[in-house]
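Here is the structure we will look at, set down as structure tokens.
Read-outs: derived from the displayed coordinates by stated rules, not from any lab. The model shown is predicted, which means the values in this text are computed figures rather than measured ones. Neighbour counts run over all protein chains shown; Cβ positions are idealised from the backbone, glycine included.
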Amino acid sequence: MAVLPSTLATNYVVGDSAGWNLGVDFVAWVSSKTFKVQDTLHFEFTSPHTVAVVDQSAYLTCDASHPIINDVSGSFNFTLTATGVYSFISAWDGDCNAGLSMQLVVA
């Protein structure tokens, strides 16, 4: 009998109990995880913060003018559907430059 590797997806609460907020060290949060295809990121946040899914260039410049997705609901789920780099910022004025941004790699 062959043993198959586990393919169960993991549901992550972004920022853990602190949520998607200013003051969270998202570099440390991301580096403590191993992300895989089909994992889900759950963002909890309050207005005026948002979750904007952006490309690499927009992430590097904190440019939220053309997001792939910009969620303002306060509770947002995002499924990692493929390998690659995923970039998230808050589109609210000044949030990204103040550190409300995150980039991760799905291998």
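In table form, for the structure just shown:
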item: Mean projection area, nm², convex hull over Cα of region 50-107; result: 3.8 nm²
item: Amide proton proximity set for V13, modelled H, under 5 Å, gap of 5+; result: H42
item: Gain on full stretching of the segment that runs from S17 to K36 - 0.36 nm per residue minus C-alpha separation; result: 4.7 nm
item: C-alpha center-to-center spacing [region 5-67, region 72-107] in angstrom; result: 4 Å
item: For region 77-82, 3J(HN,Hα) per residue [Karplus equation, 6.51 cos²θ - 1.76 cosθ + 1.60, θ = phi - 60°, Hz, x = Gly/Pro]; result: 10, 9, 9, 7, 9, 7
item: Charge sum, other residues only, whose C-beta stays under 13 Å from A91's C-beta, Lys/Arg counted +1 and Asp/Glu -1; result: -4
item: Sites T83 and V27, calculated FRET efficiency, Cβ-Cβ separation with R0 30 Å, nearest 0.05; result: 0.90
item: Local electrostatic count at A9 - Lys and Arg +1, Asp and Glu -1, tallied over other residues with Cβ under 9 Å; result: 0
item: Formal net charge of residues neighbouring C62 (Cβ-Cβ distance under 12 Å; K, R +1; D, E -1); result: -3
item: Whole-number D in µm²/s for the chain (Stokes-Einstein; Kirkwood sum over Cα pairs; 37 °C, 0.692 mPa s); result: 231 µm²/s
item: By average C-beta atoms within 10 angstrom, highest first, the peptides 79-86, 49-56, 90-97; result: 49-56, 90-97, 79-86
item: Under the Karplus curve 6.51 cos²θ - 1.76 cosθ + 1.60, θ = phi - 60°, whole-Hz ³J(HN,Hα) for region 86-103, x wherever Gly or Pro sits; result: 10, 10, 9, 9, 8, 7, 5, 3, x, 4, 4, 5, 8, x, 8, 7, 7, 10
